């Protein structure tokens, strides 16, 4: 189970991720903006020792699907699979330098994007913008900023 301090941190991070994700941006920037919930959830995942990680990822993904009005379960599945990757490299991630962490974030974002696109294409057909392929890069580039801001929030 998630203890109270970890739950409060997860709640803060989730609210912040939904607020940042809801900010209206120009369409070009919005297409290449990272998966905010993945970045924020990864930060919590690295510092969490709870057993309900997959359950939390699934619930947050479903909430994101509901808020965005997308295919129900699309973000949930992508977040759970990306979280599984982050958990598999958690010990290395925790002690790695910033560049290595950015590589891990890039791979997790790429996994998220692949699952997201497979689900999207299988349900709605091949109607995607090519700029969405830059999302893993922006996630990796913005990881140091997110990590710094969330470290301040954690204190």
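Rounded to the nearest 10 degrees, the inclination of helix 135-154 to the longest alpha-carbon principal axis of the chain is 30 degrees.
As a proxy for reagent exposure, ranking 35, 106 by other Cβ atoms within 10 Å from fewest up yields 106, 35. Alpha carbon centre of segment 106-154 versus segment 1-79: separation in Å? With segment 106-154 and segment 1-79 each reduced to a Cα centre, they are spaced 12 Å.
From least to most packed, judged by other beta carbons within 10 angstrom and beginning with the fewest, 83, 48, 96 follow the order 96, 48, 83. Per-residue ellipticity at 222 nm computed for the chain from its helices equals -25500 deg cm²/dmol, with DSSP H segments shorter than 4 residues left out and the rest contributing -39,500 (n - 2.57).
Take every Cα pair under 8 Å whose residues are at least 6 apart in sequence, average their separation, divide by the length of the chain, and the relative contact order is 28 percent. By the beta-carbon count within 10 Å of each Cβ, the least crowded to most crowded order of 130, 36, fewest first, is 130, 36. Using the empirical formula 2.2 N^0.38 Å as the baseline, the Cα radius of gyration of the chain reaches a ratio of 0.98.
FYI, it's all coordinate maths here, none of it is from the lab. This one's a predicted model, so the numbers in the text were calculated from it and none came from an experiment. Reconstructed Cβ throughout: ideal geometry from the backbone, glycine too, with neighbour counts over all protein chains shown.
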